[in-house]
Amino acid sequence: MKTDVVVIGGGIAGLEASTALHNLGHHVILIEKKDILGGHVALWDKLFPNNKNASSIIHYLKDHLPQNLTILLSTEITNISKRNNSFFIETNFHQTIETKSVLVATGYDVFNAHLKEEYGYGIYDNVITSAELEEMFKNNKPILTKQGKEPSRIGFVHCVGSRDRKINNLYCSKVCCVTAVKQAIEIRQKLPFSETYCFYMDLRMYGLNFEELYNESQEKYGVTFIRGRLSEASETIDGKIIIKVEDTLLGRPLKMTMDMLVLMVGMVPSAGTSFLINKLDLLSNNGHFIASSDEHLLANYTNVNGVFVAGTASSPKSIDDTFADARSAVLAIHQYLTSQKM
Amino acid sequence: MKIEGKKQIWSSYQKEIANDNYYYARSCIRQNFFPGAENMFIKILREQLNKNIFDDERQTTCTGIGYHSSIVLPETTMTVIARQFSLMNEAGYDNFICSCVTSFGLYTEVIETWTHFPETLEKTKEYLYKSTGRTFQIPQNLVHASDIIYKFRYELLHKLKYKLIHHKTGKPLNVVEHIGCHYAKIFPHKGVGGAEYPHVLAGLIEAWGGNMVDYPERRHCCGFGFRQYLIKANRGYSYSHSLKKFESMQPYEVDLIITNCPGCNYFLDRWQYVAAIEEKKLFGAENKAIPVLTFEELAALLLGYDPWKIGLQMHQIPVEPLLDKIGITYNKKEKYFGTKPPQIPEILNYC
Amino acid sequence: MKSFQYLKKIDRTIDYDNNDRALFYYLMRVEPTVALCIACGACTATCSAGNFSTLDLHKIMLSIRRGEKVYIAKEITQCVLCGKCQLVCPKNVNTRGVILQIMSFLQSSQL
C-alpha cells in the first residue's frame, strides 16, 4: 500500500486530522491499535466544564469521517523505518505501507498509580483512580465502596503522577484539577448526602469557565478544597482510608477518614508514543513526550523530516487544545506534501 | 487490603544479602536493654544455620546516638566507621552486619556520602591513618541483622518447634511489625520491601504462620528521635508518639509486636508500661498489654530456646500471655533465676 | 506505683473526624458565600484590627470549614466590624455577614 500520510492513533487528534487531510485532497491511512475509535475521550462520561456528553464529540467526528478513508483497526505497528523520503510501516497483519509522511497522534496513557506507593493504590480496597471513577460514571455503575456501601466521604488527590520529581514527571498534566472539580460535583449530584474534598497543591483553573465551575463546586455543592499534598494514606480496620495531609493554609497537619479516595492520575506518554520515539529516533522533551521542533512556531514538526505530531503525544492537553493542535498539524502536513509535489 | 499489591512492591525492593562469613557490629544499647537478642542472633547463625560470624570485641559505637544528637561531627563519625571497616578487613571479612538499625542507616549514609563526594572518603582515609595508622576497604555487602534472618526465614521454618499460631484454636496470631525509621526511610532501596511497606519483618510473620497487622499509624516513628529523648524533660514527647501508635493498633487485638531496632523495641515496651500506669490502658488482645520482642528473640523462642535463658524477662511487658498462646511451657519460678522479682504494677500483674 | 508525670504533648493535628462543623453547615445555609473563600489573605492584609491583634480572617474562614470552634470563638471577638475585608475580597464573600453570623451562632450555642 502506498499513501501520502499515515495517521497513527484513532483518538480525537487522529480523527480530526485524518478527516481534514482527506478533505484537502491527500490520501490518508488511519491506524488504530484498538478495535474502536475515539481514544481516551471515548472512555469519558461528561466533559468539563460544560457537562457535555463525551460521546457527542466522538459521534461528531465519526459522522464527519469521509466514506472512502482507509481505517485500519486493531492494527499495531511492528516496525517503522525511513528510506530516502518515504516511510515504511509494517503491521501485525504483515502489511507494509509506504507513506510520504507520518502524523503521530498516539496520545497518552494514564499515570500508573502504583508508583505512588504511599497512597496504597492496588493495596487498599477503596483507593481508585479518576479514570476508574469516570468509567463508573460512563457505565452508570453504582458508586459503592468495596464493602458495598454508598461512600459518605470522598477525597480527590490532585497531581498524582504530575509535578513530582520523585517519579521524574516534572510537568503539570493540565486537565486533572478541573476534572477533580467536575467529578466532585458529579459525586455530590449522585450522592447528595456525601462530602467531597479536594487536596491540591495549586488549583490550575486556566480554561474558559473552569474558574466558574470551581466557584459553583464550592457555593452550590459544598466541595471543600484543602491545600496540601497527601503524604500518606492508610487503611483502617473497617476498610476505610485515613489520610495525612498538611492544611498548609492553616499550617497544621490534618487527618481525616475517607470512605473512598480518588487519585487524579496525570498523563504520561503512551506506550505507542514511546515506541515511535524509539523507532524513529524522535527527540523527546522534559516530560518524555515527543519534542516539537519549536514550541511556539513549529509545534507540530519533529526532528525527523516528514514526521509530525498532534495532540497529547507531545504534551498533556485538553480536548480543545488537542483539536487546535490537530488542525495546525494538518496545515503543516499539507504544506509539506504540497511542497514535495512541486 | 490486597496482599498482591504489596507483593508487587516487595518484588521491586530486593537487595543482595551475603550468604555466609559475616563480621558482626553490635549495638550500643541492645546489649543492656535485652542482652539475649544479640547472643541469640549469633547462636542461631552458628548453631542452626551453620554460618561463620565474627563477633569482634575491639569494635566501638558507630557514634549514631551522638551523631543524631548533634554532639558528634560527621567527620568523626566517618572516621569511627572507617575504623570498624578496617577491623573487618583485618579479620578477613567482606560482609558487614549491623545489629542496630540506626547504625545500619548511618553506615549506609556514610558509604553513600563517600560515593557521591569522593573528597570526603579521601579525608576519612587521612584522618584514620593519622589517628590510628590504619587503612580500610568498604565492605562488599552491608546489611542489617534482620535482613539475614529474613533471608533464611524458610530454612529456619523447618527447624521451628512452634509457630505464630494459637496452639488451642489454630488461628494465626496477630502480629504488628515495627521497622526502625533509619532502616529504609533514608534509603528505601537499601531495605527489603522498601520504606512504605517494609517486608523484612512482615516476611518473618508470613513465613512463620502469623497474621501481619497493618494499622493506620504503622509508619509513625516510635518516638525515640535521639535528641528528643535524651533530655529527661522531653520524654513526654517520645511517650506521646508511642501512645499514638498503641491507640491506632488497639482495635486489631494484637498478640505481639516485633521490631528490628533497639530504640523502637525499648520504647514500644517501656511506654506501654508507662501507659498502663498513667492512662490505666492496655492495648493488646484480651485487654492485656502487647509483648514486644526483637526478631532474634522471636526466632529463638519459636526454635524452642528457653524463654528465660534468651532474656525475655528483660522486657517490662510480660511475655507469658504470648507463651501461653503459642503453647510454650515455661517455669514461672525461674523467670528471675531465684533473684527477687521486680515489683509489678497491679494492672500488669496478670501472669 | 508512683506516677511518671511525663508531660504528654498536645497533638496539633486537626482531627477532622471528631471536630464539630455545625457552624459551617449553619453558615452554608444563611451565608453561602462563606464557601467561596480561597484563603488569598487580602482580608488579613487590610484588616485594621489584625495590625494590632492576632485576628486573621482567612484563618477563621478555613477554621470554619475544619470545625476548629475554639479558635474561632477566641479570635472573632477582636473584629471591629469596619467592613474593609469585604471591600477587598476578590471572591465577593460577604465577610461582614459571615462574622456577624458567627457571633450570633456562638452566642446561641453552648461552646
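What follows is calculated from the coordinates using simple rules that are stated; it is not laboratory data. Since the structure is predicted, the reported quantities are computational estimates derived from the model, not experimental observations. Counting neighbours? That spans all protein chains shown, and the Cβs are built from the backbone with ideal geometry, glycine included.
State whether region C:22-108 is rounded, prolate or oblate according to the following rule on the C-alpha gyration tensor (a ≥ b ≥ c being the square roots of its eigenvalues): a/c under 1.5 gives rounded; otherwise a/b larger than b/c gives prolate, and the remaining case gives oblate. Judged from the Cα gyration tensor, region C:22-108 comes out oblate (a/c at least 1.5, b/c at or above a/b). Between residue A:114 and residue A:202, the simple spin-label model (points 7 angstrom out along Cα→Cβ) gives 3.3 nm.
Convex hull volume per residue, computed on the Cα atoms of region A:113-265, equals 110 Å³. A straight Cα-to-Cα reach below 18 Å connects residue A:244 with the lysines A:116, A:255, B:185, B:244, B:245, residues fewer than 8 places away in its own chain not being considered. Within straight-line reach of residue A:182, meaning a Cα separation under 21 Å, sit the following lysines at least 8 residues removed in sequence or on another chain: A:46, A:52, A:138, A:141, A:174, A:190, A:220, A:317, C:91. Applying 1/(1 + (r/R0)^6) with R0 = 45 Å to the Cβ-Cβ distance of residue A:286 and residue B:207 gives a FRET efficiency near 0.50.
Working from Cα pairs under 8 Å separated by at least six residues, relative contact order for region B:202-246 is 34 percent. Compared with the dominant principal axis of the Cα atoms in chain C, helix C:57-66 is inclined by about 60°.
Neighbour counting of Cβ atoms within 10 Å sorts the residues A:342, B:314, fewest neighbours leading, into A:342, B:314.
Here the mean projected area of the convex hull built on the C-alpha positions of the protein assembly as shown is 43.4 nm².
About the centre of its Cα atoms, the protein assembly as shown shows a dipole size close to 1400 debye [charges on the beta carbon of Lys, Arg (+1) and Asp, Glu (-1) only; nearest 20 debye]. Residues in region B:261-298, backbone N under 20 Å from the label point at residue B:230 (7 Å along the Cα-to-beta-carbon vector): list them, ranges by number please. Those under the cut-off are B:262-267.
Charge dipole (Cα centre; +1 on Lys/Arg Cβ, -1 on Asp/Glu Cβ; no other charges) of region B:17-145 amounts to roughly 240 debye. Neighbour counting of Cβ atoms within 10 Å sorts the residues A:288, B:241, B:220, fewest neighbours leading, into A:288, B:220, B:241.
FRET efficiency for the pair residue B:324 and residue C:54, taken as 1/(1 + (r/R0)^6) with r the Cβ-Cβ distance and R0 = 45 Å, rounds to 0.20. Between B:33, B:277, B:251, the Cα set farthest toward the positive side of the dipole of the protein assembly as shown (charges on each charged residue's Cβ, about the Cα centre) is that of B:277.
Each part gets one Cα centre, and for region B:278-331 versus region C:77-111 those centres are 58 Å apart. With respect to chain A, whose longest principal axis is taken over its alpha-carbon atoms, helix A:210-219 is tilted by about 20°.
Taking 8 Å as the Cα distance limit and 6 or more residues as the minimum spacing, I'd like the relative contact order of region B:156-348 as a percentage. Once divided by the residue count of region B:156-348, the mean separation gives 24 percent. Straight-line cross-link partners of residue C:74 among the aspartates and glutamates, defined as a Cα under 14 Å from its Cα and at least 8 positions apart when in the same chain: C:56. By other beta-carbon atoms within 10 Å, ranking C:54, A:70, A:302, A:78 with the fewest at the front produces C:54, A:78, A:70, A:302. Along the axis of the charge dipole computed for the protein assembly as shown (Cβ charges of +1 for Lys and Arg, -1 for Asp and Glu, origin at the Cα centre), the listed residues A:96, A:189, B:176 are led at the positive end by B:176.
Using C-alpha pairs below 8 Å separated by at least 6 residues, the relative contact order for chain B is 19 percent.
With the simple model of a label 7 Å out from the Cα in the direction of the Cβ, residue A:59 to residue B:346 spans 7.8 nm. Indicate the gyration tensor shape class of chain B (rounded, prolate or oblate), computed on the Cα atoms with a ≥ b ≥ c the square roots of the eigenvalues: a/c under 1.5 is rounded; otherwise a/b larger than b/c is prolate and the rest oblate. Note, shape of chain B comes out prolate.
Rounded to the nearest 500, the 222 nm mean residue ellipticity of chain B from helices alone is -12500 deg cm²/dmol, with -39,500 (n - 2.57) taken per DSSP H run of at least 4 residues. Computed from point charges on the beta carbon alone (+1 for Lys and Arg, -1 for Asp and Glu), the dipole magnitude for region B:141-214 about its Cα centre is near 320 Debye. Region B:106-130 and region B:1-48 have Cα centres spaced 26 Å apart. How would you classify region B:156-348 from its alpha-carbon gyration tensor, with a ≥ b ≥ c the square roots of the eigenvalues: rounded for a/c under 1.5, else prolate if a/b is greater than b/c, otherwise oblate? Oblate, because a/c is 1.5 or more while a/b does not exceed b/c. Take the Cα of residue A:86, step 7 Å toward its Cβ, do the same at residue B:186, and the gap between the two points is 6.3 nm.
Less than 15 Å Cβ to Cβ from residue A:106, Lys/Arg counted +1 and Asp/Glu -1: what total charge do the surrounding residues give? Local net charge: -1.
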